[in-house]
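The values are calculated or read from the model by the stated rules, or taken from the named source; none is laboratory data. Please read all numbers here as calculations on a predicted model, not as lab measurements. Note that each Cβ is placed from the backbone with ideal geometry, even for glycine, and that neighbours are counted across all protein chains shown. Note: accessible area is taken over every heavy atom of the protein model, side chains too, but ligands, DNA and RNA are not part of it. Shrake-Rupley method; radii C 1.70, N 1.55, O 1.52, S 1.80 Å.
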Amino acid sequence: MFNALTKTIKPCCGIACAALLSLGMASCGGNPKSSDEAQAMLAEAQSLSEQQLFGKAIAMLDSLCRTRPTETDAVREAMHLKAVTLEKSFEAQLVQVDSIIAANVPVVESIAPRFKAVKTEDMVEGYRVHTAVAGKELINRTDIEPRIDDGGNLYIVTLLHGVAAHHDRLRVSCAAGSAETQSVPYDNSRNYRFNDDGVTNEMVTFRYDECADFARFIAENSDAPLKLTFVGKKQHTVAMSDALKRAIAESYRYSTAVRTGMKAEHDKMLLDKKIEIARRQIEQTTIKKND
């Protein structure tokens, strides 16, 4: 949505340059500088722009520049109208982005106090964990733990204690259906196994893109009894506690709000720059129109 229209800026520059180079050709060849057909195309593009059909307006202006490069007055008008249309389209997108930022800020602010920061000396980076499951170390027990990294991304760490299932994914299920994480193959990094005093332990870390659907299902069905299954060569199923359901649901909502807000902030910065460029183009083409 944010980049579709901006892709037309560079092609337009090439079309415009070719049109300007044709100034001499127009005077020598006797072609009109703006035919009735070109004026009709400009009027149609103006109407489309006013209706906020920015993509269609730009396509019409590009077509004019491409098919009538010797009609230099019309091309100059098209260049100016395209810059104006781009400015309007970017401003409309900026309104949408600002509304996204405004909608997500209160979500982040309301949920953030429910997380506790975890950072020990041996950690390169810390993380945050929901208070519903904070303080319960993931040691010597079968469980999973949702965590939030410094970038606001949700990830889930599992521990399967005393069961050799060779699990590489998780499944959650209830009467309404089920959802799974993506598979994380055994690699001794994000999926590794170890033996502690003769007891088998399996740990897997699922990144945001690998566990988002799984977490969203839990968030949408947190009031229902949920079963958690460690899936691998064998399967091991346990009931999901209310505390864990709440921790995953709110971690997912928090992470989604942070990620959406950060993307919107990035889009806002890009749109501000694109509006600035469009306004410079408007100024430049206005000068040329009046020459």
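Being in a strand (DSSP E or B), among the small types (Gly, Ala, Ser) and modelled with pLDDT under 95 is a property that does not hold for Ala134. Among the listed residues Glu87, Glu137, which satisfies the condition of being under 25 Å from the mean Cα position of the chain (by Cα) and of a type in the set (Asp, Glu)? Every option except Glu87 fails the conditions. Screening the range 164-213 for residues that are small (Gly, Ala, Ser) and in contact with a Phe, Trp or Tyr (Cβ under 8 Å, 6 or more places away or on another chain) and picking the one that is nearest to Thr142 (Cα to Cα) gives Ala165. Is it true that some residue in the range 281-291 is within 29 Å of the chain's Cα centre (by Cα) and either at pLDDT 95 or above or in a helix (DSSP H, G or I) (or both)? Within the range 281-291 (the criterion being within 29 Å of the chain's Cα centre (by Cα) and either at pLDDT 95 or above or in a helix (DSSP H, G or I) (or both)), the answer is yes, since at least one residue qualifies. Checked against the criterion of being assigned to a helix (DSSP H, G or I) and within 20 Å of Glu180 (Cα to Cα), the candidates Ala247, Ala224, Ala257 yield just one match: Ala247.
Selection over the range 104-131 of residues that are in a loop (DSSP other than H, G, I, E, B) and over 19 Å from Met203 (Cβ atoms) gives a count of 3.
Restricting to the range 63-103, and then to whatever is basic (Lys, Arg) and assigned to a helix (DSSP H, G or I), can you tell me which residue is nearest to Glu265 (Cα to Cα)? The residue in question is Lys88.
Listed here are the residues, each with its yes/no results for (1) without any contact (Cβ under 8 Å) to a residue 24 or more places away in the chain; (2) out of contact with any Ser or Thr (no Cβ under 6 Å at 6 or more places or on another chain); (3) surrounded by 21 or more Cβ atoms within 10 Å (Cβ to Cβ); (4) not polar (S, T, N, Q).
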{"position": "Glu77", "(1), (2), (3), (4)": "no, yes, yes, yes"}
{"position": "Asn104", "(1), (2), (3), (4)": "no, no, no, no"}
{"position": "Ala117", "(1), (2), (3), (4)": "yes, yes, no, yes"}
{"position": "Met123", "(1), (2), (3), (4)": "yes, yes, no, yes"}
{"position": "Gly126", "(1), (2), (3), (4)": "no, yes, no, yes"}
{"position": "Ile139", "(1), (2), (3), (4)": "yes, yes, no, yes"}
{"position": "Ile144", "(1), (2), (3), (4)": "no, no, yes, yes"}
{"position": "Asp149", "(1), (2), (3), (4)": "no, yes, no, yes"}
{"position": "Leu154", "(1), (2), (3), (4)": "no, no, yes, yes"}
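Considering the range 164-205, the qualifying strands (runs of 3 or more DSSP E), each wholly inside and each with 3 or more residues that are touching a residue at least 40 places away in the same chain (Cβ under 8 Å), run over 169-174. Open to solvent by 60 Å² or more (accessible area, probe 1.4 Å), modelled with pLDDT under 95 and of a type in the set (Ser, Thr, Tyr) - does that describe any residue in the range 95-102? No, the range 95-102 contains no residue that is open to solvent by 60 Å² or more (accessible area, probe 1.4 Å), modelled with pLDDT under 95 and of a type in the set (Ser, Thr, Tyr). The residues in the range 231-245 that are charged (D, E, K, R) and either buried (at least 19 other Cβ atoms within 10 Å of the Cβ) or touching a strand residue (DSSP E or B) at 6+ places or on another chain (Cβ under 7 Å) (or both) can be counted, and the count is 1. Could you look through the range 255-280, keep only residues that are among the basic types (Lys, Arg) and without any contact (Cβ under 8 Å) to a residue 40 or more places away in the chain, and pick out the one that is surrounded by the most Cβ atoms within 10 Å (Cβ to Cβ)? Out of the qualifying residues, it is Lys263. If a residue must be more than 17 Å from Leu159 (Cβ to Cβ), among the hydrophobic types (A, V, I, L, M, F, W, C) and open to solvent by 50 Å² or more (accessible area, probe 1.4 Å), how many such residues does the range 169-206 contain? Adding up the residues that qualify gives 2.
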